[in-house]
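Here is the structure we will look at, set down as structure tokens.
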Amino acid sequence: MVLSADLIGQTNGGPIKRLRLRGLDEPFRNEEICVLHPIEEVEPDDIPELDLAHPGRLARFQLLMDSSRLGLAPGDDRLVSSTRSRIEFEPYQQIPALRALELPRPRLLIADDVGLGKTIEAGLILRELNARRRAARILIVCPASIIEQWQTELSSKFGFQFKIFDSDGVAETRRSLEVGTNPWSAEPRVIASVDFIKRREGAFRELSASRWDVIIIDEAHHLASGNDDEMTDRFRLARWLATENTGALLLLTATPHDGYDENFKALLSLLV
């Protein structure tokens, strides 16, 4: 609705008026603004194209560099890890990584048989997400017996350095930080055992205050089965890891179905 119209000038195209308007409909109901009518035509400046030979001022040079970086960013339809890793990938091992890149919030169950390279597939996904700055903080949860195996595989084959968080590892990290700092939030790449972090009164309290870009759960079928108190703690941990504080989630298991449909259903529910 027009509240007032004041003549403020004259141009070759006619008079210029300042209109005071009030909104009648939501979301701008009863809001008032002033506009000029008619709108003066403006000729845009002639801006030369960005060129490395003549970068011009610093602001233009920064725009040029930003556009160059965007042009170099790998697309989601191709993998870059094959040229940066120390192993030769099988074609089937690249399928999970391609699928993860298609998803804004990846949720994958990798259920290959023993010996087919689930660790390699997970490492390949980490490499691809890291190349796209989507995997700065990574948490790996696995049985205590294979923690060092995970650490060695990711270091030797993909160049990822992970800190093992057990009682000694957490205490060592805590000593290097300021008093009151959460070591789970300070360390960017962590491997921890299920039994170490599952108890509510233990490491889980500090872990639950941290945020991760990628969480990998190995032997995931153990976290979604059973009815006794221990398994309840494990599933509670799995549910938090899957839904609360992570961008991407990878579940690894060679036996996704243990013969009990309810356990299988619980495992798949972590991917929702």
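The values are calculated or read from the model by the stated rules, or taken from the named source; none is laboratory data. Just so you know, these numbers come straight off a predicted model, no measurement behind them. Ideal geometry is used to build each Cβ from the backbone, glycine not excepted, and the neighbour counts take in all protein chains shown.
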Report summary line: (1) among the charged types (D, E, K, R); (2) in contact with a helix residue (DSSP H, G or I) (Cβ under 7 Å, 6 or more places away or on another chain); (3) within 18 Å of Trp212 (Cβ to Cβ) all hold for Arg133 apart from (2)
Requested in this report: Identify the single condition in (1) part of a helix (DSSP H, G or I); (2) at pLDDT below 80; (3) surrounded by 15 or more Cβ atoms within 10 Å (Cβ to Cβ) that Asn130 does not satisfy, given that it satisfies every other one.
Outcome: (2)
Query raised in the report: Any idea how many residues of the stretch 99-116 are more than 12 Å from the chain's Cα centre (by Cα) and either modelled with pLDDT of 85 or more or not assigned by TED's automatic domain parsing to the domain that holds Phe160 (or both)?
Result: 6
Requested in this report: State whether one or more residues within the stretch 131-152 are without any contact (Cβ under 8 Å) to a residue 12 or more places away in the chain, charged (D, E, K, R) and in the same structural domain as Glu206 (by TED's automatic domain parsing).
Outcome: yes
Query raised in the report: Take the residues of the stretch 204-227 that are under 16 Å from Arg189 (Cα atoms) and polar (S, T, N, Q): which is modelled with the highest pLDDT?
Result: Ser210
Query raised in the report: So which of Arg174, Arg205, Arg200 ends up being without any contact (Cβ under 8 Å) to a residue 40 or more places away in the chain, out of contact with any Gly (no Cβ under 6 Å at 6 or more places or on another chain) and outside any helix (DSSP H, G or I)?
Result: Arg200
Query raised in the report: Out of all the residues in the stretch 150-164, is one or more under 22 Å from Arg234 (Cβ atoms) and of a type in the set (Ser, Thr, Tyr)?
Result: no
Query raised in the report: Quick check: is even one residue across the stretch 147-154 within 22 Å of the chain's Cα centre (by Cα) and part of a strand (DSSP E or B)?
Result: no
Report summary line: Of the listed residues (Ile87, Ile47), the one being modelled with pLDDT under 75, assigned by TED's automatic domain parsing to the domain that holds Leu116 and not hydroxyl-bearing (Ser, Thr, Tyr) is Ile87
Query - Residue that is modelled with the lowest pLDDT [pool: residues in the stretch 237-272 that are among the hydroxyl-bearing types (Ser, Thr, Tyr) and assigned to a helix (DSSP H, G or I)] - result: Thr243
Query - Condition met for Lys163 (surrounded by 13 or more Cβ atoms within 10 Å (Cβ to Cβ) and modelled with pLDDT of 90 or more) - result: yes
